[in-house]
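I have placed the structure first, in the form of structure tokens, so that the comments after it can refer back to it.
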Amino acid sequence: MRWDILTLFPGMFAGPFGESIIRRAVERGLVEIALHDIRDQATDRHRTVDDTPYGGGAGMVLRAPPVVAAVEAALGDDRGRVPVLLLSPAGRVFTQRVAEELARLPRVALLCGHYEGLDERARELVVTDELSIGDFVLTGGELAAMVVVDAVTRLLPGVIDAASLADESHAGGLLEGPHYTRPAEFRGRGVPPILLSGHHANIARWRRREALRRTRARRPDLLAAAPLTDQDRRWLAELAAEDAAHGTQSAEGEEHPEE
């Protein structure tokens, strides 16, 4: 997969993309990342890419000519076939499902907004979609672009072991349950005995129930769209009954006997 990232600050990407999983994916040829400096398309000696907005108002606006020229130069003959995604707080929310959609594409361009926004004509001419990583405002789209690249790249075949992706948070519509590793006891807190039993079927059931517990406690909104089985619904009913009995939401990570 190839990423084309159009930005005013290409240097910001050196650290995040030069470490860990992204770096290894690039070295193995599983992903290609091309950084394009929008200022390279400026036509004056000061490399100006912004200007005051018509109609007045605070702040500066990214000008259409350098942005459009940067996209056209980056995509070349593939322009029109490659999605150009503007990172913007006005975009649709970036979710795991969107990450999965993007992971199926051979090439994606990310346009990092800055200042007070982007000249609407550039949006109309080259932007095919807008993404937001949350309901907050950043100083620019660079950090958001890093998030998108990381979330999508890790889904590409060969980047991460497929088994590691299967049960993680949001993969199946639920949050991931608690994990434990050695030592078996730490500062008076032990590992739930079920995880030491070696009974893989019961461990799988415990993990599913704990995933339901955590999702219900932290993100109950996810349950409405999650693919739930009849057993899941029975467990949710039991968790609700436990909460009612305790007068509050049950603590995450408590050990509960297997049914």
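The values are calculated or read from the model by the stated rules, or taken from the named source; none is laboratory data. Everything numeric in this text was worked out from a predicted model, so none of it was measured. Cβ sites come from the backbone with ideal geometry, for glycine too, and all protein chains shown count toward neighbours.
Within segment 186-205, can you find the residues that are buried (at least 16 other Cβ atoms within 10 Å of the Cβ) and either assigned to a helix (DSSP H, G or I) or modelled with pLDDT under 95 (or both)?
I194, L195, I203, R205
Could you say which residue among L223, L174 is of a type in the set (A, V, I, L, M, F, W, C), at pLDDT below 95 and either surrounded by 15 or more Cβ atoms within 10 Å (Cβ to Cβ) or under 24 Å from A241 (Cβ atoms) (or both)?
L174 is the lone residue from the list that is of a type in the set (A, V, I, L, M, F, W, C), at pLDDT below 95 and either surrounded by 15 or more Cβ atoms within 10 Å (Cβ to Cβ) or under 24 Å from A241 (Cβ atoms) (or both).
Just give me the residues in segment 29-55 being in a helix (DSSP H, G or I) and closer than 14 Å to H114 by Cβ, in sequence order.
Within segment 29-55, I38, R39 qualify.
State yes or no: is R208 surrounded by 18 or more Cβ atoms within 10 Å (Cβ to Cβ) and within 26 Å of A240 (Cβ to Cβ)?
So R208 fits the description; yes.
In segment 206-226, which residues are under 16 Å from A237 (Cα atoms) and either outside the structural domain of A237 (by TED's automatic domain parsing) or assigned to a loop (DSSP other than H, G, I, E, B) (or both)?
The answer is A226, and nothing else.
Considering only residues of segment 15-55 that are of a type in the set (D, E, K, R) and closer than 16 Å to A151 by Cα, which is surrounded by the fewest Cβ atoms within 10 Å (Cβ to Cβ)?
E19
Here is a list: A14, A58. Which entry is assigned to a helix (DSSP H, G or I) and either of a type in the set (S, T, Y) or in the same structural domain as V147 (by TED's automatic domain parsing) (or both)?
Answer to the check: A14.
Every residue in segment 194-224 that is touching a Pro at 6+ places or on another chain (Cβ under 8 Å) and under 22 Å from T95 (Cβ atoms), please.
The answer is R214, and nothing else.
Within segment 73-185, considering only strands (runs of 3 or more DSSP E) that don't extend past its boundaries, which have at least 1 residues that are of a type in the set (D, E)?
Once the strands (runs of 3 or more DSSP E) in segment 73-185 are filtered for at least 1 residues that are of a type in the set (D, E), what remains is 129-132.
List every residue pair whose Cβ atoms sit under 6 Å apart, with the two residues 6 or more apart in sequence or on different chains, where the first one lies in segment 85-114 and is free of Cβ contacts under 8 Å to residues at least 60 places away in the same chain and buried (at least 18 other Cβ atoms within 10 Å of the Cβ) and the second, anywhere, is assigned to a strand (DSSP E or B) and hydroxyl-bearing (S, T, Y).
Note: pairs meeting the criteria are G91/S132; G113/S88.
Looking at segment 169-185, can you tell me whether even one residue there is more than 24 Å from R218 (Cα to Cα), of a type outside the set (G, A, S) and within 16 Å of the chain's Cα centre (by Cα)? Break it down into steps so the answer makes sense when it comes.
At the first step, the residues of segment 169-185 found to be more than 24 Å from R218 (Cα to Cα) are 182-185.
Then drop every residue that is not of a type outside the set (G, A, S), which leaves 182-183, 185.
So of that shortlist, the ones also within 16 Å of the chain's Cα centre (by Cα) come out as none.
Checked segment 169-185: no residue is more than 24 Å from R218 (Cα to Cα), of a type outside the set (G, A, S) and within 16 Å of the chain's Cα centre (by Cα).
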